[in-house]
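Report on one structure; see the data block that follows.
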Amino acid sequence: MKNYQELIDSLVDVSKHPLRQVKEFKARTGNKAVGCFPEYVPAELVYAAGMFPVGLWGGDVENSRAKEYVPAFCCSVLMSDLEYGLNGTYKDIDAVIIPTLCDTLKCLGQNFKVAVPSIKHIQFTYPQMRKIEAGVTFLESEYGRVLTALEELSGAKVSEKAISDAIEVFNDNRMALRRFTGLACDHTDIITPFVRHAVIKSGFFMEKPSHTALVNELCDALSTLPVSRKGKAVLLTGIMADDEAMLKMLADNGLSVAVDDLAQETRQFRFDVPTQGGSAMRRLALWWQIFEGCSLAYDPSKKRIDMIAADIDKYDVKGVIVCMMKFCDPEEYDYPLLKEALENKGVPCLYMEIDQKAEAQAQTRIQAFSEII
Ligand code: SF4
């Protein structure tokens with residue numbers, strides 16, 4: 001049995017080499033890999049079709065050719081994904097699934113199709129009215145189109161049982177990650193902000209059962225250790241906070257991540273796909289109906305704000321860091337509500353603009369924030 005440090009090292013290593021396991025999978029199985037664009041796609045369908053679903057969350061790349069296709073105010077995660085498609089980084093990816101969750105994704109999908117014709121393009125739409133029956137039926141039919149495209153790619157039909165089994169595999173992974181984040185806040189001496197992020201992110205680049213096994217092994221190891229909380233507890237909210245330098249700055253300035261509300265992290269695994277409710281495909285569609293707490297899932301009552309307030313109390317959070325993806329309208333619309341709620345609650349808030357590149361001023365701003373909470 002590996003010790004916790006070896007397990008952490010393995011997961012951090014995967015998080016830094018996103019496409020390594022894709023290459024290894026393709027060489028071993030002869031099957032294909034499908035890129036899953038941010039923020040939510042039914043990756044279970046890719047797994048059910050025997051292929052490797054890999055999360056495409058951009059990266060720190062100089063965007064030169066991508067600017068020929070999208071305006072300069074495209075968010076950096078999509079800009080980087082397009083650049084990686086254009087410069088050949090994604091050459092081992094056979095298809096991409098692109099959800100139309102925001103205006104930028106709607107346009108990016110069409111541009112990716114033209115700019116990177118070597119990669120099969122699968123786009124689908126989420127219903128705005130997700131709480132009504134028509135929304136579920138619509139999404140089920142959209143997922144049906146995605147599945148047909150995946151079957152064409154793999155050359156084989158996907159059974160109801162295969163989708164149902166995939167849902168179980170992904171729900172197991174969600175459960176493992178909830179277990180991990182539940183333990184991580186009690187072991188912030190070991191699970192630094194960067195380690196916490198890397199353990200979660202590595203799941204986008206590994207075969208799910210392997211990731212689940214490693215995360216559970218890490219949880220087993222952590223649960224034998226005494227509680228040790230180091231640093232002032234903060235909550236991260238936004239689309240993503242994956243800049244290693246920034247996450248290390250948090251630790252260097254005495255901050256630890258007690259809980260997050262990030263689309264790349266906790267929002268992915270807060271809710272399971274229901275085990276009841278009809279066919280496997282319908283249950284996948286129902287996930288979008290029950291899903292809460294994200295700027296991308298229409299919610300006139302904005303439960304996200306109450307969910308963050310509840311987490312602040314539950315985890316004794318001293319300050320909130322809003323990780324605002326630059327040019328992300330859906331997140332920007334939520335910010336005034338969140339800011340007001342935090343002010344009313346007397347919780348300090350730091351607004352950090354994220355563009356997948358370290359900010360020169362980040363160190364000073366994080367240090368000042370740490371001093372006031
Ligand atoms: S939701 Fe925001 S971060 Fe995500 S793709 Fe759209 S603009 Fe970019």
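The values are calculated or read from the model by the stated rules, or taken from the named source; none is laboratory data. These figures come from a predicted structure and were not determined experimentally. Cβ coordinates were reconstructed from backbone atoms using ideal geometry, including for glycine residues, and neighbour counts include every protein chain displayed. What goes into the accessible areas is simple: the full protein's heavy atoms, side chains included, and nothing from ligands, DNA or RNA. Shrake-Rupley method; radii C 1.70, N 1.55, O 1.52, S 1.80 Å.
Among the residues of segment 88-108, those that are assigned to a helix (DSSP H, G or I) and surrounded by fewer than 18 Cβ atoms within 10 Å (Cβ to Cβ) comprise Asp103, Lys106, Cys107. For segment 147-164, the set of residues classified as among the acidic types (Asp, Glu) and open to solvent by less than 60 Å² (accessible area, probe 1.4 Å) consists of Glu151 only.
Quick one: count up the residues across segment 165-193 that are part of a loop (DSSP other than H, G, I, E, B) and of a type outside the set (A, V, I, L, M).
6
Has segment 220-237 got any residue that is within 16 Å of the ligand (Cβ to nearest atom), crowded, with 21+ Cβ neighbours inside 10 Å and under 20 Å from the mean Cα position of the chain (by Cα)? The answer is yes; a qualifying residue exists. If you go through segment 123-140 and pick out every residue that is over 13 Å from Tyr298 (Cα atoms) and open to solvent by less than 10 Å² (accessible area, probe 1.4 Å), you end up with 3.
Looking at the structure I just gave you, is Leu342 outside any loop (DSSP other than H, G, I, E, B), out of contact with any Gly (no Cβ under 7 Å at 6 or more places or on another chain), surrounded by fewer than 18 Cβ atoms within 10 Å (Cβ to Cβ) and among the hydrophobic types (A, V, I, L, M, F, W, C)?
no
The set of residues from segment 199-219 being surrounded by 21 or more Cβ atoms within 10 Å (Cβ to Cβ) and among the small types (Gly, Ala, Ser) comprises Ser202, Gly203.
Per the listing Asn111, Asn3, Asn31, the residue uniquely within 16 Å of the ligand (Cβ to nearest atom), of a type in the set (S, T, N, Q) and surrounded by fewer than 23 Cβ atoms within 10 Å (Cβ to Cβ) is Asn111.
Please verify whether Thr192 is buried (at least 21 other Cβ atoms within 10 Å of the Cβ) and either modelled with pLDDT under 95 or out of contact with any Gly (no Cβ under 8 Å at 6 or more places or on another chain) (or both), treating the condition exactly as stated. In short, yes. Within segment 274-329, if we keep just the residues that are part of a helix (DSSP H, G or I) and within 16 Å of the ligand (Cβ to nearest atom), the residue that is most open to solvent (accessible area, probe 1.4 Å) turns out to be Asp329. Flag not set for Val41, criterion: over 20 Å from the mean Cα position of the chain (by Cα) and part of a loop (DSSP other than H, G, I, E, B). For residues in segment 46-87 being assigned to a helix (DSSP H, G or I) and among the charged types (D, E, K, R), which is surrounded by the fewest Cβ atoms within 10 Å (Cβ to Cβ)? The selected residue is Glu68. Close contacts from segment 336-353, counting a first residue that is within 17 Å of Ile239 (Cβ to Cβ) and of a type in the set (Val, Ile, Thr) and a second that is part of a helix (DSSP H, G or I) and open to solvent by 80 Å² or more (accessible area, probe 1.4 Å), with Cβ to Cβ under 9 Å and a gap of 6+ residues or different chains, come to none at all.
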